[in-house]
Amino acid sequence: MKVTISVIKADIGGYPGHETVHPDVVKVVREYLAEAKKKGMLIDFFVGWCGDDINLIMTHAKGVDNKEIHKLAWDAFVAGTVVAKKLKLYGAGQDLLKDAFSGNVRGMGPGVAELEFEERGSEPVLVFMMDKTDPGAFNLPVYRMFADPFNTPGLVIDPAMAGGFSFEVFDTIEGRKITFKTPEEMYAMLAFVGSRSRYVIKRVFPGPNNKVSEKEAICCVSTDKLSQVAGTYVGKDDPVGIVRCQSGLPSVGEALEPFSFPHLVSGWMRGSHQGPLMPCSMEQAIPTRLDGPPRVVCLGFQLANGTLVGPVDIFKDVSYDYTRAKANKVAEYMRRHGPFEPHRLPEEDLEYTNLPKLQERFKSRFSKI
Ligand code: 13P
Ligand code: 13P
Ligand code: MG
Ligand code: MG
């Protein structure tokens, strides 16, 4: 059977400040989706969170970009916002940037990642949820899981993976896209996706001779950029990603392995700093040190005819203690730079800044060298 997994996320209010979600808001959102499931619109759902972002993980048979599903997510967030406003949560309704729903949540504030596929005999799926960062934070781990044999032994020892993978990459500045085939075009692709503030990996497809069709996306990341929608800083994008695993695709362990390295990502305080991405459980995803450091939570499911069996809160595992300790060390090191680069983002990547105003104010005081 064909099943769609839609992960739609929004920050509709944090407490205190941008730290975490309030249980009363989550409850209302969950009840909203439960009602839709009862009516048969959803096969199943799980409401997860990471920091101050609520993530709706939904399965259904309506395909990607479905108006009904997007409207359901929007309405659930609107219902949650009513409670968030009553509690005067910080940034209540923060990511709902438009007044009324207009057919698709894309371009309205919430982030979206969706995959439609023929459910296999066994279908392990991982949902990654990040806070205090942007979609470029997925570039390094997604590259490594699907293209780096030092991360993914299957690329070397599983014949079904020998054909490599294709990466759809979005240029978020020019609004264009390109597909790179690995391993053949690996170096060229890295030249682009290394610039993670501009080029972001959107989807990954199997290469030839995989057990999964070359046409079926197996990984999808939400690439929605809030500041581009709003035209100003309203909060970080805090992206989500979905990865299907095993049998010609990276195993669960291979898809998780890149997160054992707390790589530097953009976001953190006021969305304007570089910091290490710390893998943690939902419970631990309360970014408080200078509103950080940035977090990633992973929920693991098995699909059974669209039913979400799970989740397993993956990064609860003690084997990520070492990564968390390392992330804390790196966070401490980066913090010591205060307002200096590379802790603070370079001027062109700053979303929250009074630099243009300062430049205007001091313009007349500059003289030619
Ligand atoms: P099992 O032998 O436990 O099924 O594991 C196979 C595998 O893919 C491990 O990554
Ligand atoms: P969020 O994007 O998670 O709302 O965080 C915003 C912020 O400015 C944190 O300092
Ligand atoms: Mg927030
Ligand atoms: Mg957030």
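Please treat every number below as a calculation from the coordinates, not as lab data. Predicted model, so just to flag it, every value in this text is computed and none were measured. In this analysis, Cβ positions are derived from the backbone assuming ideal geometry, glycine residues included, and neighbour counts consider all displayed protein chains.
The figures follow:
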quantity: The stretch 10-98 - convex hull of alpha carbons, volume per residue in Å³; calculated: 82
quantity: For the stretch 255-310, Kirkwood radius (reciprocal of mean inverse C-alpha pair distance, Å); calculated: 12.7
quantity: Angstrom value of the Kirkwood radius, inverse mean 1/r, which spans all Cα pairs in the stretch 301-369; calculated: 17.1
quantity: For the stretch 50-95, alpha-carbon Rg over 2.2 N^0.38 Å; calculated: 1.32
quantity: Estimated vicinal HN-Hα couplings, Hz - the stretch 209-223 in sequence order (Karplus 6.51, -1.76, 1.60; Gly, Pro = x); calculated: 6, 7, 6, 9, 4, 4, 8, 9, 4, 10, 8, 9, 10, 6, 10
quantity: Residue among Ala255, Ala162, Ala285 with the largest mean-square fluctuation in a Gaussian network model of the chain, springs linking Cα atoms under 10 Å; calculated: Ala162
quantity: Volume in Å³ per residue [convex hull over Cα atoms, computed for the chain]; calculated: 148
quantity: Alpha carbon centroid spacing (whole Å) that separates the stretch 1-79 from the stretch 235-272; calculated: 20
quantity: Where chymotrypsin sites (Phe, Trp or Tyr not before Pro) fall in DSSP loop in the stretch 55-156, at most 12 other Cβ within 10 Å; calculated: Phe150
quantity: Whole-Hz couplings from phi, Karplus 6.51/-1.76/1.60, listed for the stretch 55-63; x for Gly and Pro; calculated: 10, 8, 9, 10, 10, 6, 10, 9, x
quantity: Most mobile of His60, His273, His337 in a GNM of the chain (Cα contacts under 10 Å); calculated: His337
quantity: Cα-based reach from Lys62 at 23 Å (exclusive), listing lysines while leaving out same-chain residues under 8 positions away; calculated: Lys2, Lys9, Lys37, Lys38, Lys39, Lys71, Lys202, Lys215
quantity: Rg followed by Dmax, in Å, when the stretch 196-272 is reduced to its Cα trace; calculated: 15.5, 45
